[in-house]
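Asks: Pasting in a structure now, in structure tokens, and then I'll have a few things to ask.
Only the coordinates and a few stated rules stand behind these numbers; no lab work does. Keep in mind that this is a model prediction, so the values were computed, not measured. Backbone-built Cβ (ideal geometry, glycine too); neighbour counts: all protein chains shown.
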């Protein structure tokens, strides 16, 4: 394989590899770094000995991500407050419009990413490769250094956990947009009752400031408390200075600058056309790549 052919082969796989890495790591910047590390290993490899470049590259990226997750474990344990994934503007990467709305391949929402975060690293890798990228059990076994029976067990356990925590189907984007509009209208008019009508009874409010921006240090999980908190935060320091509807991770979302001048993004998890969870990312390290200013 010539140098040019090897480079073209890798570039043909880059988007898929970045999608695997992002789903595993929850950070787009780290996913790109992992794929770049894979590129360096690909350059140094004996391509004549590699029968299936796609499988080889997948194995390399998965193992690089597993190493990163293991190294990150200690820092995650001392992270200030809840941890949320790094949101990505939909045009930047990862959305799969060619799949049905209920397909994991089309679901990069923060809600699913949070569920994936709760899986063990190898469970997560096996589940992502099987469900989002349709890898065979043999390919996954090779990537993880396990036998196929063990991989089937990993995927089965992961499926059960994900299905237990996620609605069966994703909400239609129009439902997201409608609820976002109703939400912002209710907040602007300080209408707690309107907010409560939009919430599931077990609604959760999860905010990630990473200790660098004001945020709730725990998950708020009663409807009344969430409504009060939202109205209080929205009115702080005179209310938002700037607000914009954007699409993040394939889902209609809200980007805003609050009354203190801090950047935030908000996304809903929706079930039965009501808000099941509100995710707010405020950690500036996770928003700088959006370049929304």
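Asks: Could you state the per residue volume, in Å³, of the convex hull enclosing the Cα atoms of region 173-290?
Replies: Considering the Cα atoms of region 173-290, their hull volume per residue is 93 Å³.
Asks: Sorting check: for 282-288, 41-47, 174-180, which peptide has the highest mean count of neighbouring beta carbons within 10 Å, and how do the rest follow?
Replies: Answer by packing, highest mean first, reads 282-288, 174-180, 41-47.
Asks: Right, here's the next one. Rounded, prolate or oblate: pick one for region 105-222, where a ≥ b ≥ c are the square roots of the eigenvalues of its C-alpha gyration tensor, a/c under 1.5 means rounded, and failing that, prolate if a/b is larger than b/c, else oblate.
Replies: Because a/c hits 1.5 or more and a/b exceeds b/c, region 105-222 counts as prolate.
Asks: Rounded to whole Å and sorted largest first, list the principal axis extents of the Cα atoms in region 250-293.
Replies: Cα extents, longest axis first: 34, 23, 14 Å.
Asks: Once both labels are modelled 7 Å past Cα along the beta-carbon direction, what's the residue 245-residue 148 spacing in nm?
Replies: Output for this residue pair reads 4.8 nm.
Asks: Using only alpha carbons, build the gyration tensor for region 219-284 and give me the equivalent ellipsoid semi-axes, biggest first, whole Å.
Replies: 20, 17, 10
Asks: Moving on. Taking the mean number of other Cβ atoms within 10 Å as a proxy for protection, how do you rank 144-151, 159-166 from highest to lowest?
Replies: Sorting 144-151, 159-166 by mean packing, highest first, produces 144-151, 159-166.
Asks: Against the empirical 2.2 N^0.38 Å scaling, what ratio does the C-alpha Rg of region 3-165 come to?
Replies: 1.02
Asks: Once fully extended, how much extra length lies between residue 257 and residue 194, figured as 0.36 nm per residue of separation less the alpha-carbon to alpha-carbon distance?
Replies: Gain on extension, residue 257 to residue 194, equals 20.4 nm.
Asks: Further question: According to the Cα gyration tensor, what semi-axes, each the square root of 5 times an eigenvalue, does the equivalent ellipsoid of the chain have, listed from largest to smallest in whole Å?
Replies: 37, 20, 17
Asks: What nm distance separates the two modelled labels at residue 178 and residue 47, each placed 7 Å from Cα along Cα→Cβ?
Replies: 5.2
Asks: FRET efficiency for residue 163 and residue 36, Cβ-Cβ distance as r, R0 = 51 Å, nearest 0.05?
Replies: With R0 = 51 Å, the Cβ-Cβ based efficiency is 0.90.
Asks: How high is the relative contact order of the chain, in percent, with contacts defined as C-alpha pairs under 8 Å that are six or more residues apart?
Replies: 19
Asks: Roughly what % of DSSP beta bridges within the chain run antiparallel, to the nearest 5?
Replies: Beta bridges within the chain, antiparallel portion: roughly 75 percent.
Asks: Express in whole angstrom the spacing between the alpha-carbon centres of region 1-60 and region 217-267.
Replies: For region 1-60 versus region 217-267, the Cα centre distance is 37 Å.
Asks: Starting with the highest mean, order 118-124, 133-139 by the number of other Cβ atoms within 10 Å, averaged over the residues of each peptide.
Replies: Numbers: 118-124: 18.1, 133-139: 16.1.
Going by the mean number of other Cβ atoms within 10 Å, highest first, we get 118-124, 133-139.
Asks: So for the pair residue 73, residue 212, with labels modelled 7 Å out along Cα→Cβ, what separation do we get in nm?
Replies: Distance between the two pseudo-spin positions: 2.5 nm.
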